[in-house]
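> One structure is given below, represented as structure tokens, and several questions about it will come after.
The values are calculated or read from the model by the stated rules, or taken from the named source; none is laboratory data. Model, not experiment: these values are computed from the prediction. Note: ideal-geometry Cβ built from the backbone for every residue, glycine included; neighbour counts use all protein chains shown.
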Amino acid sequence: MARTEPTAAVDERPRKDDLAGLEAGLDALETKDDGRVPFTRTLREKVLPPVTAVLVVLVVWQALISFKIVDDPTKLPAPSDVWDEVRTAWLKGELLGYIWTSVSRGLLGFLFALIIGTPLGLLVARVKFVRAAIGPILSGLQSLPSVAWVPPAVIWLGLNDSMMYAVILLGAVPSIANGLVSGVDQVPPLFLRAGRTLGATGVRGLWHIVLPASLPGYLAGLKQGWAFSWRSLMAAEIIASSPDLGIGLGQLLENGRNNSSMAMVFMAILLILIVGIVIDMLIFSPLERRVLRGRGLLVKN
């Protein structure tokens, strides 16, 4: 007995330590990461790379002018000339008007496309007959250049905002619907069976099971839908011009071409690019990160 009691005491200590370590590990797994990243790391990994890329482009651009590799300002203006054009538009109070005219149309048209494309995508994804009838048409419309819709939209609706929204819808709805169809197709059948077992059928099954499980594909379709919306709008603004429509970024680009002002053309191109990047950074990228993080798919280096 004297020999076995110390041994039992010795064996008991490691077991307690192991249990304590296991409990600590389980507590760590249950503890949610607050997701806060130090500001210096954000600055180093998120801000500096794009800023560096922009600076490199500006240096190369200025070098082409300074070393007279391109010495014709009608083909490539200097960065300072483009900046002067931006400054002039700002001082005249016209710059924000150009941007808001296009952004308001683009966002409102995308909202309409979202309202139409989401139920259409669910219908195509869940009803076999509808998929067989409409699925190929949606794929064909998605591959059709949006600029092709501008002439018929002008003939049907005239030179007004309704024409702009029609072009946006025809460009964005197929992408949104196809993105949702792709997301629904990737939902594991086990989720659907589990939902039916728990009583989530019909509309409840769509809302609680299908839509949440298809979010990654749906968000990809939304991003592509916004890209198509923005490109469709720019095509419509370039081709269709009227005093009643105001001057958006696409019309600004066309005005620069008509006036043979490459500085204005480059200003319009840069503004179109900046708006697209800002919308993606403020809306779609945060949504995508949140969805991927919630599913454990966001890889952290």
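> Cβ-Cβ distance below 8 Å, separation of 6 or more or different chains: which pairs start in the range 94-105 with a residue that is within 14 Å of residue 232 (Cα to Cα) and end on one that is modelled with pLDDT of 95 or more and assigned to a loop (DSSP other than H, G, I, E, B)?
none
> Just to be sure I understand the filter: pairs with C-beta atoms under 7 Å, separated by 6 or more residues or on different chains, first member in the range 256-282 and surrounded by 19 or more Cβ atoms within 10 Å (Cβ to Cβ), second member among the polar types (S, T, N, Q). Which pairs pass?
262/74; 264/255
> A further question on this structure: Take the range 224-236 and flag every residue that is surrounded by 19 or more Cβ atoms within 10 Å (Cβ to Cβ) and within 18 Å of residue 116 (Cα to Cα).
Listed by number, the residues that qualify are 225, 226, 228, 229, 230, 232, 233.
> Please go through the range 241-250 and give me each residue that is touching a residue at least 40 places away in the same chain (Cβ under 8 Å) and closer than 20 Å to residue 93 by Cα, ordered by number.
Correct list: 244, 245, 246, 247, 248, 249, 250.
> Do we have residue 26 as within 17 Å of residue 269 (Cβ to Cβ) and either at pLDDT 80 or above or more than 32 Å from the chain's Cα centre (by Cα) (or both) here?
No: the conditions fail for residue 26.
> With a cut-off of at least 1 residues that are of a type in the set (D, E, K, R), name the helices (runs of 4 or more DSSP H) lying wholly within the range 187-301.
In the range 187-301, 189-197, 202-205, 215-239, 249-258, 285-294 are the helices (runs of 4 or more DSSP H) which contain 1 or more residues that are of a type in the set (D, E, K, R).
> State whether one or more residues within the range 99-107 are closer than 30 Å to residue 187 by Cα, modelled with pLDDT of 90 or more and outside any loop (DSSP other than H, G, I, E, B).
The answer is yes; a qualifying residue exists.
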